[in-house]
Amino acid sequence: MTPGVSITTSSFGTRIDFDINEEHRSVEVADFDGDGDLDIATPGAAGSVLALARNVHLVGSLSATSFEPFTIIPAYEYAAGITSDVLDQDGDIDLVLTNEAGASAAISIFSNDGSGSFEAAAWPRVELPLGGIAIYPGIADLDGDGLLDLAATSYGEGAISIYQRQ
């Protein structure tokens, strides 16, 4: 085993905050617009939104101007977890959210239109129902068939729900 580098608080720079005026519980970082820079997406728990900020910085240090202002996209109330991957095999990174809405808890799939846009007019959102309170989603090829499957925790039911891709 090769020894690594020790990580301490001095391994990181000063915290940079981006105000999005909403309670958010998770964050996903990926190149949503395909320009080579990593962007940020986060679901808003109380306001039924998905917030997306495109990275516009040049290589080097980050600052408060490294990201465009957050674009707000409608989502289900009590959105909690988020993850991303290329679900529709078109090469664009899609978003998967879970919402905690009890009987209407679901996994929501937001298809990327190719430019990093997830606006309502550009995508048909797919909803997969879950029992209990859906918290965190996962994406993986669980059955080894080359297609990505979805999984999510169902808090309150003591279960993990899996949707196998057909």
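For the chain, modelled as a GNM whose springs connect Cα atoms under 10 angstrom apart, the maximal fluctuation among 155, 136, 78 occurs at 155. Only Cα pairs under 8 Å and 6+ residues apart enter the sum, and on that basis the relative contact order of the chain stands at 15 percent.
Would you please give the FRET efficiency between residue 145 and residue 58, computed as 1/(1 + (r/R0)^6) with r the Cβ-Cβ distance and R0 = 35 Å, to the nearest 0.05? FRET efficiency, residue 145 to residue 58: 0.30.
For region 50-64, putting each phi into the Karplus relation 6.51 cos²θ - 1.76 cosθ + 1.60 with θ = phi - 60° gives couplings of 10, 10, 10, 10, 7, 7, 10, 7, 8, 4, x, 6, 8, 9, 5 Hz, in residue order, rounded to whole numbers and with x for Gly and Pro.
So, by mean Cβ neighbours within 10 angstrom, what's the order for 12-22, 28-38 with the highest one leading? Mind showing how you got there, number by number?
Working: 12-22: 9.5, 28-38: 16.2.
Packing order, densest peptide first, comes out as 28-38, 12-22.
Count Lys and Arg as plus one, Asp and Glu as minus one, and take only other residues whose Cβ is under 14 Å from that of residue 37; the net charge is then -4.
The mean sequence separation of alpha-carbon pairs under 8 Å and at least six residues apart, normalised by the residue count of region 1-71, gives a relative contact order of 23 percent. Per residue, the accessible area of the chain comes to 55 Å² when a 1.4 Å probe rolls over the protein heavy atoms. In terms of overall dimensions, the C-alpha atoms belonging to the chain reach 47, 43, 33 Å along their principal axes, ordered largest to smallest. Computed from phi, the 3J(HN,Hα) profile of region 11-20 under the Karplus parametrisation 6.51, -1.76, 1.60 (θ = phi - 60°) reads 6, 10, x, 5, 4, 10, 9, 10, 6, 10 Hz, with x in place of Gly and Pro. Each part gets one Cα centre, and for region 1-79 versus region 136-158 those centres are 23 Å apart.
The values are calculated or read from the model by the stated rules, or taken from the named source; none is laboratory data. Please read these numbers as outputs of a predicted model, since none were measured by experiment. Quick reminder, even Gly has a Cβ in these numbers, built from the backbone with ideal geometry, and neighbours come from all protein chains shown. Ligands, DNA and RNA are stripped out before the accessible areas are found, and what is left, the full protein with its side chains, is counted by its heavy atoms. Shrake-Rupley method; radii C 1.70, N 1.55, O 1.52, S 1.80 Å.
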